[in-house]
1. Quick test of your reading of the structure: residue B:147 fulfils all but one of (1) modelled with pLDDT of 95 or more; (2) closer than 30 Å to residue A:190 by Cα; (3) surrounded by fewer than 20 Cβ atoms within 10 Å (Cβ to Cβ). Name the failing condition by number.
2. Mind checking which residues of the range B:229-240 are surrounded by 19 or more Cβ atoms within 10 Å (Cβ to Cβ) and either within 15 Å of residue B:8 (Cβ to Cβ) or more than 7 Å from chain A (Cβ to nearest Cβ) (or both)?
3. Taking residue A:156 as the residue in question, decide whether it is open to solvent by 50 Å² or more (accessible area, probe 1.4 Å), away from chain B (no Cβ under 14 Å) and among the small types (Gly, Ala, Ser).
4. Restricted to the range B:192-216, and to residues that are under 17 Å from the mean Cα position of the chain (by Cα) and of a type outside the set (A, V, I, L, M), which residue is farthest from the other protein chains (Cβ to nearest Cβ)?
5. Identify all residues within the range A:27-49 that are open to solvent by less than 10 Å² (accessible area, probe 1.4 Å) and part of a strand (DSSP E or B); write none if there are none.
6. Looking at the range A:166-177, which of the residues that are under 17 Å from residue A:210 (Cα atoms) and in a loop (DSSP other than H, G, I, E, B) is farthest from the chain's Cα centre (by Cα)?
7. Among the candidates A:112, A:121, single out the residue that is of a type in the set (A, V, I, L, M, F, W, C), buried (at least 21 other Cβ atoms within 10 Å of the Cβ) and in a helix (DSSP H, G or I).
8. Would you confirm whether or not the range B:205-219 contains a residue that is open to solvent by 10 Å² or more (accessible area, probe 1.4 Å), touching a residue at least 60 places away in the same chain (Cβ under 8 Å) and of a type outside the set (Lys, Arg)?
Amino acid sequence: MTVDVAAFVGPFPFRHVSRGTPKWLLGQMDRLGIAEAWVGHLPSFLYRDPSPGNADLVRILSDHERLRPVPAVNPGLPGFASELDAHQRAPAVRAYPTYWGLDPQGAEMRHLAVSCAAKALPLVLTVCFEDLRQRHRLDTATDLPAAAVRSLARISEDVKLVISGAPKGFIEEVHFGLTETEGERVLWDISWIWGPPEEHLRTLLETVGAGHFVFGTGMPLRIPDNSVAKLDLLDLSQEDRDAIQEGNLRQWVLAR
Amino acid sequence: MLIDVHGHFYTERSGLADWQERNAARLKAGRRMGITAHVASILGTWGHRSPTYFPSPTDVEHANAAMLSLQRMHDGEVIGYCVVNPNFADHALDQIDQGLDGGMIGVKLAASRRADDPLLDPIAQRAGDAGVPVLHHIWHHRQRDWPNQEASDTVELATLALRHTETQFIVAHIGGGGDWAHTLRAARDVPNLWIDISGSGVDVDMMEWALETIGAERMLFGTDLTMATGWGKLRYLESRVDGESRDLIRSGNALKLFPTGAFG
């Protein structure tokens, strides 16, 4: 069984994305053997108040059990905690601090991390949506900084972070900048990590450990086959592959 | 048959302690992916002794000699492009002649000189005369100069291609960074431009638009420096096209593009 932690529905404001529908996602999941996806509402990263986007997300996914809505919560808004209360059954919560004009390790984000931790909700943070070289001229938000992940991971022993779209150097900077206990509270999706011949993923699995990685695709922005292909190019034990595809995430969910 | 038209290897002068492991990793991954031939190049010393995209003549010679050595060592599995720096015009032509005599089957142009510059004309002409394609590094919709390279975009490469209609050009790595949709527009009506699907970019719609604008008849499988992304795009494509198109992208187009008998 495979769980994709980095899927979306809806349009993308900076280029035409023609396939952001549940039907398309499910078609890809069936083709690639992905059982379940954590799904965000793509345009909400630019909404000042993502709450209406969350309502859209729940409505769009309402008939699809395999697509689990992951609401976005902007901690810069008064009373944001009520949005967490409204989505207690969600598998996780998303936030986009750099697009919302928030300091990624500032008071609002720390408040959100603590609030999610109190409800045992993992917080999903996306490093970037697109390669720097192809971004729209109005897409000027900075990438999520590694320092912010280190800072948020240190706040409380209950904080759990899923980081999507991080490359090798980012992951190393965070992982080896945390204690072992802090590092256990961060899971990394594999969507942006290079395979051979550079062997970034193979190296990370040796140095950081398979227990710290989860499966993510970035669809419908990114072709999902990419993440499957890079696993297929590794000499992974079935145990490690299962852990990446599902087991590591399940441990967190079971812990709830 | 699966032909990778955009591969790279390293040498002891590449400034990498693990250069041999990287070369071995490419071959190992290639075998797992089912690649039957890597058409590949070595970009000088990869910045170690001269810039990757502005290689010195000495580094060009070393790289091409090493590429030919790899070609001999992995007969049929690895075949070389001849790398040249067009700023050293006579040297570039000499290298092409030597490389093709040695069994190389294409010319690799990176980013030493803008693609529409007249200095590239004799190189394009020589490739056309020899019946070998030119693989050209591209920054899709380059809107300014970036450090350490004089990159070209596909509008600029199309200008060269239209001056040399008997020469075939491969637009490198449609997923290699920049606005790939701009490249697809620029290449659509230039029949001697082909697109390789390599590059770290794996945007959904990239392959769909390529099929719609360029067509499977001018698309080529490639991996460049990120083999999983090339393979991922191929697998995605194979879920969307019929068997004939699939075969063209995997190898059929490469068999037409490169000299007869290049792949056994």
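1. Status for residue B:147: all satisfied but (1).
2. Applying the first criterion (surrounded by 19 or more Cβ atoms within 10 Å (Cβ to Cβ)) to the range B:229-240 yields B:229-237.
Scanning the range B:229-240 gives B:229, B:230, B:234, B:237.
3. Details: open to solvent by 50 Å² or more (accessible area, probe 1.4 Å): no; away from chain B (no Cβ under 14 Å): yes; among the small types (Gly, Ala, Ser): yes.
So residue A:156 fails the test.
4. In this case the residue turns out to be B:192.
5. Quick first cut of the range A:27-49, residues open to solvent by less than 10 Å² (accessible area, probe 1.4 Å) only: A:29, A:34, A:37-40, A:42, A:44-45.
Scanning the range A:27-49 gives A:37, A:38, A:39, A:40.
6. A:176
7. On the way: A:121 fails: in a helix (DSSP H, G or I).
Matching residue, one of A:112, A:121: A:112.
8. No, because not a single residue in the range B:205-219 is open to solvent by 10 Å² or more (accessible area, probe 1.4 Å), touching a residue at least 60 places away in the same chain (Cβ under 8 Å) and of a type outside the set (Lys, Arg).
The values are calculated or read from the model by the stated rules, or taken from the named source; none is laboratory data. Model, not experiment: these values are computed from the prediction. Because the Cβ atoms are built from the backbone with ideal geometry, glycine has one as well, and the counts that use them run over all protein chains shown. Ligands, DNA and RNA are excluded from the accessible area calculation, which covers all protein heavy atoms including side chains. Shrake-Rupley method; radii C 1.70, N 1.55, O 1.52, S 1.80 Å.
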